[in-house]
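> Have a look at the structure that comes next, please.
The values are calculated or read from the model by the stated rules, or taken from the named source; none is laboratory data. No experiment lies behind these values; they were computed from the predicted model shown. With ideal geometry, Cβ positions are generated from the backbone for all residues, glycine too; neighbour counts draw on all protein chains shown. Side chains are part of the model used for accessible areas, which takes the heavy atoms of the whole protein and leaves out ligands, DNA and RNA. Shrake-Rupley method; radii C 1.70, N 1.55, O 1.52, S 1.80 Å.
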Amino acid sequence: QTRSLLGVFEEDAAAISSYINQLFQAMHRIYDAQNELSAATHLTSKLLKEYEKQRFPLGGDDEVMTSTLQQFAKVIDELSSCHAVLSTQLADAMMFPITQFKERDLKEILTLKEVFQIASNDHDAATTRYSRLSKRKENEKIKAEVTEDVYTSRKKQHQTMMHYFCALNTLQYKKKISLLEPLLGYMQAQISFFKMGSENLTEQLEEFLTNIGTSVQNVRREMDCEVENMQQTIEDLEVASDPLYLPDPDPLKFPAHRNLTRKAGYLNTRNKTGLVSSSWERQFYFTQGGNLMSQARGDVAGGLVMDIDNCSVMAVDCEDRRYCFQITSFDGKKSSILQAESKKDYEEWICTINNISKQIYLSENPEEIAARVNQSALEAVTPSPSFQQRHESMRPAVQSRPPAARTSSTGSLGSDSAALSALSLDSLVAPDTPIQFDIISPVSEDVPGQAKSSGQSGRRTNPFGESGGSKPDTEDSILHQLFIVRFLGSMEVKSDESPDVVYETMRQILAARAIHNVFRMTESHLLVTCDCLRLIDPQTQVTRLQFPLPNVVLYATHQENKRLFGFVLRTSGGRVESRQTSICYIFESNNEGEKICDSVGLAKQIAFHAELDRKASEKQKEIDRVKEKQQKELNKQKQIEKDLEEQSRLIAASSRSNQSSTDGQFVVVSSSQSEDSDLGEDGKKKRESE
């Protein structure tokens, strides 16, 4: 009966253990989910707080949205704190009791069961040995040992059995406690959490949530209205764009515009892949001023294809393809064959490029001028003359300019030029100054205000201060910064006190370049040091121009195009030798205009501090020289006083010796004085010196 009843208790303990394990896993999932909810709530609050730091490409600074999300972040942060408190309470009140029952009480039952089983096996073995004792030969020693084993095993089994049975009986009470305590802790933790939530969710917050809900509904209505308008627009565009879906629309319904000075669209360009083979590539082309640009799919910006000022364009037959035309540059060295999609685009591209090549886009009303010029047929063909013919046709116009209007062979703009008269010069710029578009080599021509020392022109300069023979002037300079620049032009200005001088000079030089088709720019290396600014030839390392840094009185970058920068150089002389002149130099860089200006400013600061140090050093040297002179005078005075004392002492000694002299000696002295009177003035001086 005992063992049968023990089996029932053991079966019940196994069922309790299985059920408790399942319940423990379920409660552990609640605890893990609560921890995850607390962490996720905290992360949500953190992300809402960081909304104001985000920079959305299509979203402006919405202060209302930012403040609303900040309010939500504050509330959610408080909820996150409540969830964190709930997690702690669940760990203490729910997980701890059931974990203790699972890890301590159930393991104790299993341990006692194993010990009871071992004790029972030992008792059975001892009893078996005791039953095998022989009745014939009785060994008292063996009998006593077997009897002792039976006694010990029986006692051990009985004690183990009592502890095991007690633990099984106690398990029935612990089962109830282990089930109720975690549930009680869970409910108390939830009640505490909801109380904290009710305290945080005040009426003010409810009013805030109501207002936000109303705002959301208004935004939803606006969105529905906008979607409806967009759907209507889409339907209208579908109806209106139906003829445009045709690749080659009817030219009678959609005639070509021949008065355009700007054009953009997709074209096929022919690329040579061999001597006789070629391939076609589709790209987006557009005109920008006097340039033809192209942009491949995925590129950020377009690239220059060709300068189409004074170019030629003509229709061509190419590889059995329709609507092809060829563009040839002014000098005839570069040409491109392009294919349009339709006849309308084909004619418009030819007319547009033809108008741009005639520089109609530079006039005030380009469409009216193009309408007067373009009265040709649909097939607009522009023959391509040779470079020699074009050069001969332009030679009289070049020779008609007076010599005084040209500063150099590279091109300049005189005061009597017809194009310059259209550009009203501001009071900042001298009215009769020429514009220099290229750098004049210091070997060939002297620039006013550019004083050159012997051996400076044509000397190769290493911009990094490394030289083999003679050391450059800027070798000891603290600052050495090199920039790649392209010279646009320079001209004399009236004032050098405001950056507006640089801006006006930029405007006039760029306008003059566009009017006179001057697109060539000289690339140089600009070396900024504490002593001067140098323009160095990148190929030969020869110093083209040198600007003393103290003479650079103004420098600025273009307000919109940061690639353009300029500086004003104050020089002595110029067209009027009796006064100082100011010349503004304009350059183009690789998006480094501000860096160059900062470098020039830093160089001037370093030079200014160096000049202050030099003056302080010279002043200190002057003070030292004065002190040294005073010390020499003092030493000389002391030496004179010392000599006077010595002379007085000698005179006193001589007077004492004279008093003790005899009359004969007096006669000798008198005779010597008479001899002195006969010697004359020179003899007396010689005698006195002796």
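> Residue 382 passes all but one of (1) at pLDDT below 50; (2) surrounded by fewer than 13 Cβ atoms within 10 Å (Cβ to Cβ); (3) touching a helix residue (DSSP H, G or I) at 6+ places or on another chain (Cβ under 9 Å); which number fails?
(2)
> Sticking with this one: Could you figure out which of (1) at pLDDT below 85; (2) open to solvent by 80 Å² or more (accessible area, probe 1.4 Å); (3) among the charged types (D, E, K, R) isn't true of residue 238?
Residue 238 satisfies every listed condition except (1).
> Which residue, of 241, 215, is hydroxyl-bearing (Ser, Thr, Tyr), touching a helix residue (DSSP H, G or I) at 6+ places or on another chain (Cβ under 9 Å) and not assigned by the TED database to the domain that holds residue 358?
Only one candidate passes the filter, namely 215.
> So is residue 164 surrounded by 13 or more Cβ atoms within 10 Å (Cβ to Cβ) and either farther than 30 Å from residue 21 by Cβ or at pLDDT below 90 (or both) or not?
Against the criterion (surrounded by 13 or more Cβ atoms within 10 Å (Cβ to Cβ) and either farther than 30 Å from residue 21 by Cβ or at pLDDT below 90 (or both)), residue 164 does not qualify.
> Could you list, in sequence order, all residues of the stretch 207-235 that are within 21 Å of residue 64 (Cα to Cα) and either outside any helix (DSSP H, G or I) or open to solvent by less than 80 Å² (accessible area, probe 1.4 Å) (or both)?
Selection gives 208, 212, 213, 214, 215, 216, 218.
> Could you check how many residues of the stretch 191-206 are loosely packed, with under 15 Cβ neighbours inside 10 Å and part of a helix (DSSP H, G or I)?
Going through the stretch 191-206 one residue at a time, the tally reaches 11.
> Listed residues 272, 195, 175; which is out of contact with any Leu (no Cβ under 8 Å at 6 or more places or on another chain) and closer than 30 Å to residue 11 by Cα?
175
> Look at residue 254 and say whether it is in contact with a Lys or Arg (Cβ under 8 Å, 6 or more places away or on another chain), part of a strand (DSSP E or B) and hydrophobic (A, V, I, L, M, F, W, C).
no
> Is there a residue being more than 30 Å from residue 253 (Cα to Cα) and either over 40 Å from the mean Cα position of the chain (by Cα) or free of Cβ contacts under 8 Å to residues at least 40 places away in the same chain (or both) anywhere in the stretch 342-353?
no
> Same structure again: Quick one: how many residues across the stretch 175-190 are under 22 Å from residue 107 (Cα atoms) and open to solvent by less than 60 Å² (accessible area, probe 1.4 Å)?
Total meeting the criteria: 4.
> Counting just the residues of the stretch 577-613 that are among the charged types (D, E, K, R) and open to solvent by less than 100 Å² (accessible area, probe 1.4 Å), which one comes out modelled with the lowest pLDDT?
For the stretch 577-613, the residue satisfying everything is 592.
> Still on this structure, I have one more. Scan (1) open to solvent by 10 Å² or more (accessible area, probe 1.4 Å); (2) modelled with pLDDT of 80 or more for the single condition residue 533 breaks and write down its number.
(1)
> Only strands (runs of 3 or more DSSP E) wholly contained in the stretch 291-352 count here; list those with 2 or more residues that are touching a Gly at 6+ places or on another chain (Cβ under 9 Å) and of a type in the set (S, T, N, Q).
By residue number, 291-295.
> For the stretch 110-149, enumerate the residues that are loosely packed, with under 12 Cβ neighbours inside 10 Å and either in contact with an Asp or Glu (Cβ under 8 Å, 6 or more places away or on another chain) or assigned to a loop (DSSP other than H, G, I, E, B) (or both).
132, 134, 135, 136, 137, 138, 139 - these are the residues of the stretch 110-149 that are loosely packed, with under 12 Cβ neighbours inside 10 Å and either in contact with an Asp or Glu (Cβ under 8 Å, 6 or more places away or on another chain) or assigned to a loop (DSSP other than H, G, I, E, B) (or both).
> For the stretch 271-320, which residues satisfy the criterion of being over 32 Å from the mean Cα position of the chain (by Cα), open to solvent by 30 Å² or more (accessible area, probe 1.4 Å) and at pLDDT 85 or above?
Correct list: 271, 279, 280, 281, 282, 307.
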